[in-house]
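A short write-up of the structure that comes next.
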Amino acid sequence: MLPKTTLVKGDRFDLDLLKAERVRLNNGLKQRGYYNSQENLLIFEADTNQYKNRKFDLFLRLKKVVPARASIPYTVDSITVYPNYSIEGDTLALNQNNVTQIDSIDFVQNELYFKPKLLESYLLFNEGNLYDANTSKQTSNRLSALGSYKYVNIQYTELDTTATDGDAGSLAASIYLAPLTKRSIRAELQAVTKSNGFTGPGILLTHSNRNVFNGGETFSISANFSYESQISSGSNSSLSSIAAGISADFVIPRSIPFSPSRFKYAVPKTKISLGVDFLKRSQLFTLNSVNASFGYTWKENSYVYHQFDPISINYSRLSNVTDDFQTILDDNPFLNRSFEQRFIAGLLYSFTYDEVSNLDKETPIYFATNFDLAGNMLDFVSGGSGTIFGSEYAQYAKLDADVRLYLRWKKERTLVSRIYAGWRSEEHTSELQSRFDLV
């Protein structure tokens, strides 16, 4: 721990720095088994008697009277998990009918709520390990990230309160998990007014079912509907728009087929999505689209986030195109290209590094990049014909990057500079776009 100290020979006396060093050392002790360690047991002493030029020797020692339990390491001798704990009532009655043991860990639940074998893989400490406050916190974060629990509490009880120097203390760990409501329904009423005169209501309904198969899985389905009408007078007064869609997501709190224990900070999630959308613009066109994806999301640490979809499919079909809208498409090749009927299948990868949420950083950085590759596998399957299932498929590679630098001062003002660049390559074409903003 000492090589990582922020105290440097030759620095001026700084009381706040000494306090921070005590906190750092105490945290280090709590990661090495010293369950009863306290920062106020560490004392800094400055000796100024040997120097006449305002220099001093700094000493670190323990208090003369230190409780015996604060100077010995502790091991975790037992672990009990309550996967279906109720904050309102007592559901912890122990009997042979509701206790399941996996790798010396007891799981107590009156009826099966979470499969013990799966839940055990989210714990980062085992029986016989030294107490580690950091590992305990990471375990709590992993359990909270499952999306099945509203309350996660890890408590430790000393089993031997008479331990002294030369002995090792022992702890009993109890993990209390209070489930969220299994099913929920949310409704949102919306009203939209746009600068082009389109105004209308909308509704969004979402149904969520948590812990579907007793392994933390979440299934959610959403449906939306909106209607807009142009209220301006004249020839455009009869224009309207109807949009509707339904989507379903199935989220598994582990990365199939990898073990959750390989990821210390947070467990990756596997996500399967399917959606259908419908859009009708009166006197213009009708657009139907279907999308599906399979992929993973995970946080590497507090700043880094990954999303990888090895399977991403999108199909759009334009119909009922009026002569007026066809004229608009013919006059605007870029717009016409965006409405082309194509089958898109490929992979997506997103990387995000975000320090903005850390308010202690004066110059946080935000960086995000997305890579989209489509059509290569379809080109191989179709033998380069350019069509599959009777539809033309898209083949391209796309990369974009977003970099932002924040300069904070006086806690109330922030200067933000941003650079955005994108590159896209299709057969016989390649383009590069960039932009710089200062806010």
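Of the accessible area of the chain, with the probe set at 1.4 angstrom, what percent is carbon plus sulfur? Provide the component values of the computation, followed by the final result.
Working: 14450 of 26680 Å².
It is 54 percent, rounded to a whole number.
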Long-range HN-HN contacts of VAL66 with modeled amide H, under 5 Å: none
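In segment 336-411, which trypsin sites (Lys or Arg not before Pro) fall in coil by DSSP and have 13 or fewer other Cβ atoms within 10 Å? If you can, show how the numbers build up before the last one.
Values: sites: ARG337, ARG342, LYS361, LYS398, ARG404, ARG408, LYS410, LYS411; in loops: ARG342, LYS361, LYS410, LYS411.
The qualifying sites are LYS361, LYS410, LYS411.
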Semi-axes, largest first, in whole Å: what does sqrt of 5 times each Cα gyration tensor eigenvalue give for segment 352-404? 41, 8, 7
With all protein chains in place and a 1.4 Å probe, HIS207 shows an accessible area in Å² (nearest 10) of 60 Å²
Order by protection proxy (mean Cβ within 10 Å, highest first), peptides 150-156, 327-333: 150-156, 327-333
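Once you have a ≥ b ≥ c as the square roots of the Cα gyration tensor eigenvalues for segment 178-333, tell me rounded if a/c is under 1.5, and otherwise prolate or oblate according to whether a/b is larger than b/c. Can you show the working numbers first?
On the way: a/c = 2.87, a/b = 2.00, b/c = 1.43.
Taking the square roots of the gyration eigenvalues as a ≥ b ≥ c, segment 178-333 is prolate.
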Can you give the longest stretch of the chain with no exposed loop site, where a site means GluC sites (Glu not before Pro) in a DSSP loop (not H, G, I, E or B) with at most 14 other C-beta atoms within 10 Å? 128-339
Contour minus end-to-end for ARG24 and ILE388, with contour as 0.36 nm per residue of separation and end-to-end as the Cα-Cα distance? 124.9 nm
Per residue, what accessible area does segment 289-351 have, given a 1.4 Å probe and all protein chains present, in Å²? 59 Å²
Mean separation of Cα contacts under 8 Å (6+ apart) over length of the chain, as relative contact order %: 8 percent
Mean shadow area of the chain, taken as a quarter of the surface of its Cα convex hull (nm²): 33.0 nm²
Relative contact order of segment 251-332 (C-alpha contacts under 8 Å, at least 6 apart) in percent is 26 percent
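The values are calculated or read from the model by the stated rules, or taken from the named source; none is laboratory data. Owing to the predicted nature of the structure, the values given are computational and were not obtained by experimental measurement. Every residue, glycine among them, receives a Cβ derived from its backbone with ideal geometry; neighbour counts consider all protein chains shown. These accessible areas exclude ligands, DNA and RNA; they are computed on the full protein's heavy atoms, side chains included. Shrake-Rupley method; radii C 1.70, N 1.55, O 1.52, S 1.80 Å.
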